[in-house]
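Asks: Could you have a look at this structure, given as structure tokens, before my questions?
The values are calculated or read from the model by the stated rules, or taken from the named source; none is laboratory data. This is a predicted model, so every value here is computed, not measured. Using ideal geometry, Cβ is built from the backbone for each residue, glycine included, and neighbour counts are taken over all protein chains shown. These area figures cover heavy atoms from the full protein model, side chains too; ligands, DNA and RNA do not enter into them. Shrake-Rupley method; radii C 1.70, N 1.55, O 1.52, S 1.80 Å.
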Amino acid sequence: MENLKEQTHSTVAQVIKERRSIKKFKTDPVPTDLIVELLNTAVWAPNHGLREPWRFILLKDEGKKVLADAIMKKNEELRKKWEYVMNVPSHLVVVMKEDPRQKQWEENFAAVCTMVQNLQLAAWEQGVGMIWKTNPLIHDPKFREKIGVEQGEKIIGFIHIGYPEAIPEKKDRTPVEELLTIIDTER
Ligand SMILES: Cc1cc2nc3c(=O)[nH]c(=O)nc-3n(C[C@H](O)[C@H](O)[C@H](O)COP(=O)(O)O)c2cc1C
């Protein structure tokens, strides 16, 4: 029974290690219902005080132009980037509620980051590829206004979403044995 379970289900550890940030997507759309389902899984992330400090803006179809055009405006030579943005099926803008108190701000930021990784893992398990991108538009007042990001909200990133056209090679991580300090005597 135990073996059968292993054969038919990925373990969390497998999904964590096998996930890759996807750079080439198929143009097939990812159903909005599926994205919402993945987000409903992702929001089970730990978040202190259950503040749930997140909301989302999904750019799809012609809605992607708001992002593609904003990138183009920065530099007319970025036509290739415009095309890339328009060819990715959807872009999810992840927005964090900012808290004026530093500790709570940091907790909120950490919670949103764990939620985004939940999202990437849940998506990977279902064959949906993602890459988490940041770019200067995060702080661009005009762009923020265009998509309705209010004062007191921070854009955490743009999650590009689509079915993978190619899966990049893994990038090895430093073994934790090299990074771990163990303190087991009184100081
Ligand atoms: C906060 C954050 C911002 C990122 N921004 C970008 C980005 O702007 N452009 C990009 O190509 N990748 C970006 N990435 C993805 C990383 O480059 C990627 O995770 C890293 O290369 C490791 O690859 P892997 O996710 O396939 O293991 C970002 C990741 C994080 C967590």
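Asks: Quick one: net charge around ASN40, please, counting Lys, Arg +1 and Asp, Glu -1 for every other residue with C-beta under 15 Å from its C-beta.
Replies: Numbers: positive: ARG55; negative: ASP33, GLU37, GLU52, GLU125.
Summing Lys and Arg as +1 and Asp and Glu as -1 gives -3.
Asks: Take every Cα pair under 8 Å in segment 21-178 that's 6+ residues apart, average their separations, divide by the length, and report that relative contact order as a whole percent. It would help to have the intermediate numbers written out before the result.
Replies: Numbers: 250 pairs, mean separation 59.3, N = 158.
Relative contact order of segment 21-178: 38 percent.
Asks: With Cβ to Cβ distances under 11 Å as the rule, what net charge do the other residues near GLY129 carry (K, R +1; D, E -1)?
Replies: That works out to +4.
Asks: Continuing with the same structure: Please compute the modelled spin-label separation between ASN87 and THR41, points set 7 Å along Cα→Cβ, answer in nm with one decimal.
Replies: Simple spin-label model gives 2.8 nm for this pair.
Asks: Quick one: dipole size for the chain, taken about the Cα centre, charges +1 on Lys/Arg Cβ and -1 on Asp/Glu Cβ, in debye to the nearest 20.
Replies: With Lys and Arg at +1 and Asp and Glu at -1, about 680 debye.
Asks: What's the extension gain from LYS26 to GLU165 if we count 0.36 nm per residue and subtract their Cα-Cα distance?
Replies: Full extension of this stretch gives 49.5 nm more.
Asks: Work the Kirkwood hydrodynamic radius out for segment 21-178: mean of 1/r over every pair of different alpha-carbon atoms, inverted, in Å.
Replies: Its Kirkwood hydrodynamic radius stands at 16.6 Å.
Asks: Find how much the distance from PHE56 to ASP184 grows on full extension, using 0.36 nm per residue of separation minus their present alpha carbon separation; answer in nm with one decimal.
Replies: In short, 41.7 nm is gained.
Asks: Counting only protein heavy atoms and a 1.4 Å probe, tell me what percentage of segment 21-178's accessible area is made up of carbon and sulfur.
Replies: Details: 4940 of 9440 Å².
Of all accessible area on segment 21-178, carbon and sulfur atoms account for 52 percent.
Asks: What nm distance separates the two modelled labels at ALA13 and TRP105, each placed 7 Å from Cα along Cα→Cβ?
Replies: Calculated label separation equals 3.9 nm.
Asks: Once the Cβ-Cβ distance between ARG173 and GLU145 is put in as r, and R0 is 45 Å, what FRET efficiency do you end up with, to the nearest 0.05?
Replies: 0.70
Asks: By the gyration tensor of its Cα atoms, with a ≥ b ≥ c the square roots of the eigenvalues, what is the shape of segment 88-187: rounded for a/c under 1.5, prolate for a/b over b/c, or oblate?
Replies: Numbers: a/c = 2.59, a/b = 1.20, b/c = 2.17.
Cα axes put segment 88-187 in the oblate bin.
Asks: Another one. Rounded to whole Å, give me the distance from the Cα center of segment 116-187 to that of segment 30-72.
Replies: Distance between centres, Cα-based: 13 Å.
Asks: Anything over 21 Å Cα to Cα? Flag those among LYS64/LYS146; LYS24/LYS154; LYS23/LYS64; LYS17/LYS64, in the order listed. Before the final figure, lay out the partial values.
Replies: Values: LYS64/LYS146 12 Å; LYS24/LYS154 27 Å; LYS23/LYS64 17 Å; LYS17/LYS64 30 Å.
The pairs that break the limit, which is 21 Å between Cα atoms, are LYS24/LYS154; LYS17/LYS64.
Asks: Determine the calculated [θ] at 222 nm for the chain from helices alone, applying -39500 (n - 2.57) to every DSSP H run no shorter than 4 residues and normalising by the residue count; nearest 500 deg cm²/dmol.
Replies: Per the formula, -12000 deg cm²/dmol.
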